[in-house]
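Here is the structure we will look at, set down as structure tokens.
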Amino acid sequence: MQNSRIFFFVFVLFYQVYGYGQSLCWKISKTGAKHDSYVFGTMHSSDARLFKFSKGMEEAMNKSNVFVNEMDMENLDVMGIMKDMVNPKNSIKAELNEKDYALLDSIVTAKFSVPVSIFDNIQPIIISSLIETTTGDEKDSSGLFLDLYLAQKSKANGKKVIGLETAAEQIKSLNALSYEDQIKLLVDALHEEQKPKSDFDRMIDFYVKGEIDSLLAMSEEAKMPPRMMEELVIKRNKRMADRMEKMFAETSHFFTIGALHLPGEKGVLNLLRKKGFIVTPVL
């Protein structure tokens with residue numbers, strides 16, 4: 001009996017400190033505050049398996065006053081984005097061997113119905129991200145990535161829709177990785193596509209179960225380059241948590257961010273706890 005009590009205490013302490021749990025949606029509240037806000041982990045994909053929401057998540061989204069997408073889609077600087085994404089001096093074709101380039105062309109053509117040549121000067125990490133998050137199989141009827149689908153649904157329901165980060169901030173994080181490292185990630189993504197069960201499918205499996213701790217373990221298992229982890233995850237986690245804290249003071253918000261940003265000691269959930277928020281799962 002004593003051992004059982006000790007185990008239960010350790011389990012609860014671990015859960016409270018690190019925020020691991022079987023949920024994608026979390027309530028963030030503060031003692032004495034007149035309202036709660038919520039944070040929901042998404043995947044940047046239109047895969048049909050992602051579009052199954054819990055009753056608790058839908059209720060949380062409906063009762064929040066403001067919907068906050070991970071990226072501000074309302075005030076896009078298209079010319080600035082293109083300038084950061086495209087470099088005429090770089091060529092993906094020139095960096096890949098003939099076999100890998102042919103494989104890339106076949107995958108891009110199958111998934112997006114266009115030849116890879118039109119992407120030749122785009123930053124490779126953009127292409128690898130699109131490949132890894134698009135299955136080419138049956139998609140939700142909306143045809144939208146999950147994030148954008150939720151934003152448009154909220155807008156249609158009369159909600160104010162804003163962004164947590166700007167497109168320029170996100171692209172700056174992506175471009176922190178060298179061109180050579182981006183090419184390596186692109187080649188890895190190509191070869192991953194050839195496996196019977198890709199890492200993307202494993203991610204989907206964990207995601208639909210709400211296993212955010214498993215998603216974190218999977219990213220660590222993949223050995224993301226330290227610079228990439230620092231720029232794309234850790235620094236952005238801090239920026240997101242800081243902005244959530246400021247927005248929370250105004251009114252009730254429903255925040256949507258990539259699910260990988262939620263768990264871990266340096267994840268958004270734990271950073272919010274350190275700021276004095278009470279963070280509890282919504283089922």
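Values in this text are rule-based calculations from the coordinates and carry no lab data. Just so we're clear, the structure is a prediction, and the values are computed from it rather than from any experiment. All Cβ positions, even for glycine, are placed from backbone atoms using ideal geometry, and neighbour counts span all protein chains on display.
The simple spin-label model puts a point 7 Å past each Cα toward its Cβ; for E169 and A48 those points are separated by 3.6 nm. Within the same chain, aspartates and glutamates fewer than 8 places from K27 are excluded, and of the rest, those with a Cα less than 14 Å from its Cα are D36, E58, E59, E245. Rounded to the nearest 10 degrees, what's the angle between the helix 146-156 long axis and the longest principal axis of the chain, both from Cα atoms, 0 to 90? That works out to roughly 60 degrees. Take the Cα of A33, step 7 Å along the line toward its Cβ, and report every residue of segment 265-283 whose backbone nitrogen sits under 18 Å from that point. What the label zone holds, given the 18 Å backbone N cut-off, is 267-283.
Quick one: which of K34/K235; K63/K153; K209/K238; K83/K172 span more than 18 angstrom between C-alpha atoms? Checking Cα-Cα distances, K34/K235; K209/K238 exceed 18 Å.
With helices as the sole contributors, the chain gives -15000 deg cm²/dmol at 222 nm; each DSSP H run of n ≥ 4 counts as -39500 (n - 2.57), and the sum is divided by every residue. Fully extending the segment from D105 to D120 would add 4.3 nm, taking 0.36 nm per residue of separation and subtracting the current Cα-Cα distance. Each residue, N87 and K246, gets one label point 7 Å from its Cα in the Cβ direction; the gap between the two is 3.0 nm. Taking trypsin sites (Lys or Arg not before Pro) across segment 81-130, the ones in a DSSP loop with at most 15 further Cβ atoms lying within 10 angstrom of their Cβ are K89. The smallest convex shape that holds all Cα atoms of the chain, its convex hull, gives 150 Å³ per residue.
Given the Cα-Cα distance of T280 and K55 and 0.36 nm per residue of separation, how much length would full extension add, in nm? Please list the in-between numbers first.
On the way: separation 225, 0.36 × 225 = 81.00 nm, distance 1.57 nm.
Result for the pair: 79.4 nm of gain on full extension.
Note on segment 196-250 and segment 50-67: Cα centroid distance 20 Å, given to the nearest whole angstrom.
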